[in-house]
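Report on the structure given below.
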Amino acid sequence: MSAHSTAIGVSSKRGVWGGGNEPLKASYGKLMMWFFLLSDIFTFAAFLITYLSIRVSYPAYAGPAGEFVGSNEYWPVPELVFDAIPFVHGVHAPLVFVGIMTFILISSSVTMVLAVEAGHRNDRNDVVKWLLWTILGGATFLGCQAWEWNHFIHGTEAGSTMTFINSMNQLVTEVVHGANLSVNEYGPGSFAQLFFFITGFHGFHVTIGVFLLFLCFYQAAVGIYDQRGHYEMVEKIGLYWHFVDLVWVFVFTLFYLI
Amino acid sequence: MEIQQNKSTLEVQPRNDEKIKKIWKTAAILLAITVAEFIMAFTMPRGLLLYFLFIVLTIWKARYIMLEFMHLGDEVKPLFYSIMVPLVFLIWLLIALAKEGSEIFMMRW
């Protein structure tokens, strides 16, 4: 049945990689999740390093913060672009909202690791409880991101004057409000493109994560893992969820701090 | 029948308070680093030093998430290195593209 009974003729001389044992001491599913995450790390790293590369190819805004106006001649200051919070109009609250989003995602990572810990103890009630908190955190984060995008797309009332090539292929100078994939009021076109692409790809991962968490929550609640004899699925989905948090930590630094 | 089978045959083990305490401690560290980054963003002058500190603090946070939350530190060494060693290539990508970006900057302005 087990690997031990098939280990006929395996002497200690064969060593860790000689066969008849599990050198990595992890299940197939967990290993594959790790290697998938490794490939996803490369994908996100490529995006984020591209962001950095394009960012340093533009001059940074150097004037006083109070007089900042968006222009596609220089890269904008993040704390002056992301300074709005829901329900309060016209208040300058730099990075407050994105700080709350970061707090929510880190908290959901903590409740996830508590669910994994409960899974190790086969404690169904605790697993279900912590998974539910994690789902709540993930869904709240997605809601916040939807608001953030909405605000970013619609922009400020004042807007800013930009010189750019419009969809008719003409060079025009006009007041731009908000952002789209060709022009935005905050900075060079690639600023909004990278913002949409990278936070969008991250949000897509969070969406899949919430879906997987819900699946896991359901299976735990109806007792499938008890029948199976282990709660390893919680651990595997936990790995994915922590990865999503890990990526956000880097997105937060690159987009909102630097 | 189905429902009866669903009754747990697994033994629920008691909570290990030390482990749970460690999780909350890691969470507190992550939060503290984020708050520190926040304060730095508003009090320090923008420049290379600040960006360098941000990246160091971010990698420090990533380390906590990977080693404590994802339990990579508890895995056997071959698994640990098969995840960590490939990431070395990213250092090269970072250097190459940062250089590329600054060269484009020199060309444009």
- When chain A is treated as a Gaussian network with springs between alpha carbons less than 10 Å apart, the largest mean-square fluctuation among A:Gly90, A:Gly238, A:Gly20 is found at A:Gly20
- Query: Taking chain A as a Gaussian network, where each spring joins two C-alpha atoms under 10 Å apart, which residue of A:Gly200, A:Gly66, A:Gly187 fluctuates the most?
  - Reply: A:Gly66
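Where only protein heavy atoms count, and the probe is 1.4 Å, what is the accessible area per residue for chain A in Å²?
Averaged over the residues of chain A, the accessible area is 45 Å².
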- Task: State the answer as a single residue: which of B:Gly73, B:Ile20, B:Leu48 lies farthest towards the positive end of the charge dipole of region B:19-74, with beta carbon charges of +1 for Lys and Arg and -1 for Asp and Glu, about the Cα centre.
- Result: B:Ile20
- Message: Can you compute log10 of I(q)/I(0) for region A:151-228 with the Debye formula, treating each Cα as one identical point scatterer, at q = 0.11, 0.15 Å⁻¹?
- Response: -0.48, -0.63
- Just the number, please: percent antiparallel of the DSSP beta bridges in the protein assembly as shown, rounded to the nearest 5. 90
- Taking the reciprocal of mean 1/r across every pair of different Cα atoms in the protein assembly as shown, the Kirkwood radius in Å is 23.0
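Ignoring ligands, DNA and RNA, please state the percent of accessible area on chain A from carbon and sulfur, probe 1.4 Å.
Values: 7670 of 11650 Å².
The nonpolar share, carbon plus sulfur, comes to 66 percent.
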- Query: To the nearest 100 Å², how much accessible surface do chains B and A hide from each other in total, with a 1.4 Å probe?
  - Reply: 5300
- Message: At 222 nm, what value in deg cm²/dmol follows for chain A if DSSP H runs of at least 4 each add -39500 (n - 2.57) and the sum is divided by all its residues, to the nearest 500?
- Response: -20000 deg cm²/dmol
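Across peptide B:66-74, what mean number of C-beta atoms from other chains lies inside 10 Å of a residue's C-beta? Don't skip to the end; give the middle numbers.
Details: counts 5, 0, 2, 13, 15, 8, 3, 0, 0.
Taking all residues of B:66-74 together, the mean is 5.
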- Query: Within chain A, what's the longest stretch lacking chymotrypsin sites (Phe, Trp or Tyr not before Pro) that sit in DSSP loops with no more than 15 other Cβ atoms inside 10 Å?
  - Reply: A:88-258
- Message: Which of the three applies to region B:19-74, rounded, prolate or oblate, going by the alpha-carbon gyration tensor with a ≥ b ≥ c and a/c under 1.5 meaning rounded?
- Response: oblate
- Task: Grab the DSSP H runs of chain B that are 4 residues or longer, score each as -39,500 (n - 2.57), total them, divide by all residues and round the 222 nm result to the nearest 500 deg cm²/dmol.
- Result: -23500 deg cm²/dmol
- Chain-alone versus full-assembly comparison, region A:106-126, residues with accessible loss of at least 40 Å² (1.4 Å probe): A:Ile106, A:Val110, A:Val113, A:Leu114, A:Glu117, A:Arg121, A:Asn122
- Message: Taking the Cα centroid of region A:36-55 and of region A:56-126, what is the distance between the two, rounded to the nearest whole Å?
- Response: 19
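Take a quick pass over the protein assembly as shown and tell me how many lysine pairs come in under 16 angstrom between Cα atoms, counting only ones 8 or more apart or on separate chains.
For the protein assembly as shown, qualifying lysine pairs total 6.
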- Message: If you roll a 1.4 angstrom probe over the protein chains with everything in place, what fraction of the accessible area of region B:19-74 belongs to carbon and sulfur, to the nearest %?
- Response: 76
- Query: For chain B, modelled as a GNM with alpha-carbon contacts under 10 angstrom, which of B:Leu94, B:Leu48, B:Leu79 fluctuates the most?
  - Reply: B:Leu94
- Task: Return one whole number: the accessible area per residue of region B:19-74 in Å², for a 1.4 Å probe.
- Result: 56
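Loop only by DSSP, 16 or fewer other Cβ within 10 Å of the Cβ. Give me the GluC sites (Glu not before Pro) in region A:96-161 that pass, ordered by residue number. Could you put the intermediate results ahead of the total?
On the way: sites: A:Glu117, A:Glu148, A:Glu157; in loops: A:Glu157.
In loop regions of region A:96-161 (DSSP not H, G, I, E or B), the sparsely surrounded GluC sites (Glu not before Pro) are A:Glu157.
The values are calculated or read from the model by the stated rules, or taken from the named source; none is laboratory data. Computed from a predicted model, the values in this text were never measured in an experiment. For neighbour counting, all protein chains shown are included, and Cβ atoms are generated from backbone atoms with ideal geometry for every residue, glycine included. Side chains are part of the model used for accessible areas, which takes the heavy atoms of the whole protein and leaves out ligands, DNA and RNA. Shrake-Rupley method; radii C 1.70, N 1.55, O 1.52, S 1.80 Å.
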